[in-house]
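Some notes on the structure that comes next.
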Amino acid sequence: MINRKSRDEIKRMIHAGHIVALVHEKMKEVVEPGISTKELDNIAMKVIKENRAVPTFLGYEGFPASICTSINEHVVHGIPSEKEILKEGDIIAIDVGATYGGMVGDSAWSYEVGKVTPEVHKLMETTKEALYAGVAQMKPGNVLDDISKAIEDVANKGGYGIVRQYGGHGVGHVMHEEPFLYNYSVGDRTLIKSNMAIAIEPMLNLGGDDVFVGEDGWLVSTADGKPSAHFEHTVIATDDGPIITTKL
Ligand code: MG
Ligand code: MG
């Protein structure tokens, strides 16, 4: 069942989302060549705690950190490490979750480390465009497939691979609620109603669709080793248009 949030739950989701957005503001500042992904995790944890929220990811199914850090061909679920140092020309997807008042905000953003190649920059811009094309469809009366199709159309226009095994999801009291949201059309006619919340999160690849899970059981990478970008917002459908909780 897809639950619809009460006015009070929405208020807390907006607060949680705001804290996630503050973490991303900080990440934008500190992502640069030479910093380790473990340092990024420490900084993110500090911002979350300073704002009296709980890092949603820490301990989630045993995940050992407050953020996921996925560099270049890494797609999602990378575990921060002091041995992993950002270098010029990398891209890094940082996924952040914060729980406030029992409600969750979930947002991933990809960052360029110094200067990246034009083709990687275009992948980043297109993935962001796919996210906002999906967000625009998050309105009462539409169906889930409207979001999926909007994302797929943008990806296809750019000629990018679409990660198939992972996608968006309902969000609220916990990070992953029903429904699952595909990033490509599967004809899901589930109706979007007001006050439903979904994390919309396209993952697009410079190469093919295929990905695999690494030996640590977490890290997802592209099969062809080409870069992947990931952008995500938590979005609530309302009669006055979509509310993005995870932006400032
Ligand atoms: Mg996320
Ligand atoms: Mg998510």
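The values are calculated or read from the model by the stated rules, or taken from the named source; none is laboratory data. Keep in mind it's a predicted model, so treat the numbers as computed, not measured. Cβ sites come from the backbone with ideal geometry, for glycine too, and all protein chains shown count toward neighbours. Remember, those area values only see protein heavy atoms, side chains included, never the ligands or the DNA or RNA. Shrake-Rupley method; radii C 1.70, N 1.55, O 1.52, S 1.80 Å.
Right, residue 94: open to solvent by less than 20 Å² (accessible area, probe 1.4 Å), closer than 12 Å to residue 37 by Cα and in contact with a strand residue (DSSP E or B) (Cβ under 9 Å, 6 or more places away or on another chain) or not?
Values: open to solvent by less than 20 Å² (accessible area, probe 1.4 Å): yes; closer than 12 Å to residue 37 by Cα: yes; in contact with a strand residue (DSSP E or B) (Cβ under 9 Å, 6 or more places away or on another chain): yes.
So residue 94 passes the test.
Of all residues in the stretch 165-179, none satisfies being of a type in the set (S, T, N, Q) and away from ligand 2 (no atom under 16 Å from the Cβ). Of all residues in the stretch 97-136, those that are more than 16 Å from ligand 1 (Cβ to nearest atom), in contact (Cβ under 8 Å) with a residue 60 or more places away in the chain, outside any helix (DSSP H, G or I) and open to solvent by less than 30 Å² (accessible area, probe 1.4 Å) total 1. Could you please find all residues in the stretch 146-166 being crowded, with 21+ Cβ neighbours inside 10 Å, within 16 Å of ligand 1 (Cβ to nearest atom) and over 16 Å from residue 136 (Cα atoms)? Selection gives 163 alone. The lone criterion from (1) closer than 23 Å to residue 169 by Cβ; (2) touching an Asp or Glu at 6+ places or on another chain (Cβ under 6 Å); (3) of a type outside the set (Asp, Glu); (4) open to solvent by less than 20 Å² (accessible area, probe 1.4 Å) left unmet by residue 16 is number (2). For the stretch 49-67, name all the residues that are touching a residue at least 24 places away in the same chain (Cβ under 8 Å) and either part of a loop (DSSP other than H, G, I, E, B) or under 17 Å from the mean Cα position of the chain (by Cα) (or both). Correct list: 51, 52, 53, 55, 56, 57, 60, 63, 65, 66, 67.
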